[in-house]
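Below: one structure, written as structure tokens.
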Amino acid sequence: MTGHPAFILLFLDGVGLGSAGPHNPLSDPTTLPFLTAQLGQPLLASLDVQSSTLLAKPIDATLGVPGLPQSATGQTTLYTGQNAAQFRGQHQSGFANGSLRQLIEATGLFKQVLSLGLKPTLANVYSPAYFEAIAQRRRRYSVCTLLNLTVGLPFRMPYEYEQGQAVYWDITGERLSRYGIRRAQISAEAAGERLLRLSQDHAVTLLECYLPDEAGHAQDGEQARRSLLQIDRLIASIVAGLDHRTSLIITSDHGNVEDLSMPRHTLNPVPLVVLGSHAAEFSPVADLMGVSPTILGALGAGD
């Protein structure tokens, strides 16, 4: 990977940028102390930070389509650069069934990274039980799973987690004990160190975290604060280990946790935060469609 940029893409499900208030845990600087200190302001709709090594701004998640943004179309847009909601004619919740898979197969970020002769990786650990549930039609593929599956990349399994080569979606692996993984729980700092190690060998290292969306749907302020603090500790660990070629990208697919007064998604923009030497290149990004193309441009697409 020497000589090529590298990106750690931290996807946080259900984080929007709203106004300050008692129902918005993001307006409390103690929920994201490290990130708030880095940005000099909390994650609110007024977010605006731009320098050569730090960018933080709102980007649109509605994509010009009426209705509340949803996970399947939002994530597909984020990982393909295509307007999946417009393609479907509506925002689609849950999983990337049917025609959305066509977009992922044709223009998925991992496919395009591979076409540049570089390596992407999905850092999330998977269990055999997950794929068994898929085979039995008890579960459906998520967007990031299809991103990896459609290009034939291997999934990280429990033995790799035990070897320090994967991270669970809850960051610490607290919920992994049900899969029989030994020494499952790790610190948020250790999770960050794992992502940094993976980024040494990969142009794009993706981790998906669903904690904010879970807390938002539950309308649970304490759960939201606890989850956000874990995320903040993960971010601090990654930033502490960034080298000159590696940048951290933090973004989301739709709003939710920023308004605990109701359990639904919101129309709010989502954050785009980039820390590292390629931050300024993301300045033109205005919506979810712009993230993947900007990553690919930095990696040399179009040269």
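A few points about this structure:
- Mean projected area of the convex hull spanned by the Cα atoms of the stretch 117-170, taken over all viewing directions: 4.4 nm².
- Helix-only mean residue ellipticity at 222 nm for the chain, each DSSP H run of n ≥ 4 adding -39500 (n - 2.57), per residue, nearest 500: -10000 deg cm²/dmol
- Calculated FRET efficiency for the pair Q41/Q86, C-beta based, R₀ 41 Å, to 0.05: 0.80
- The stretch 145-242: trypsin sites (Lys or Arg not before Pro) falling in loop per DSSP and having at most 13 other Cβ within 10 Å: R182, R183
- Translational diffusion of the stretch 53-200, µm² s⁻¹ [Kirkwood Rh, Cα pairs; Stokes-Einstein; 37 °C; 0.692 mPa s]: 195
- Pairwise label distance in nanometres, I134 with H23, each label 7 Å out on the Cα-Cβ vector: 3.7
- The orientation-averaged projection of the convex hull spanning the C-alpha atoms of the stretch 238-302 amounts to 5.5 square nanometres.
- In the full protein context, the chain carries 39 Å² of accessible surface per residue, based on a 1.4 Å probe and ignoring ligands, DNA and RNA.
- Size descriptors for the chain, from the alpha-carbon set: Rg then Dmax equal 17.7, 50 Å.
- Solvent-accessible area, 1.4 Å probe, carbon plus sulfur percent, for the chain: 50
- Rounded, prolate or oblate (a/c below 1.5 giving rounded, otherwise prolate when a/b exceeds b/c) for the stretch 105-145 by Cα gyration tensor: prolate
- Taking the DSSP bridge list for the chain and keeping only pairs wholly inside it, about 40 percent are antiparallel.
- Cα centroid separation, the stretch 256-274 to the stretch 22-43 (Å): 14
- Kirkwood Rh in Å, taken over the stretch 139-206 so that all alpha-carbon pairs contribute: 12.9
- Residue separation of M262 and S51 scaled by 0.36 nm, minus their Cα-Cα distance, works out to 72.4 nm of gained length.
- Overall form of the stretch 1-93 per C-alpha gyration tensor (a/c, 1.5; a/b vs b/c): oblate
The values are calculated or read from the model by the stated rules, or taken from the named source; none is laboratory data. Model, not experiment: these values are computed from the prediction. Quick reminder, even Gly has a Cβ in these numbers, built from the backbone with ideal geometry, and neighbours come from all protein chains shown. SASA here: full protein model, heavy atoms, side chains in, ligands and nucleic acids out. Shrake-Rupley method; radii C 1.70, N 1.55, O 1.52, S 1.80 Å.
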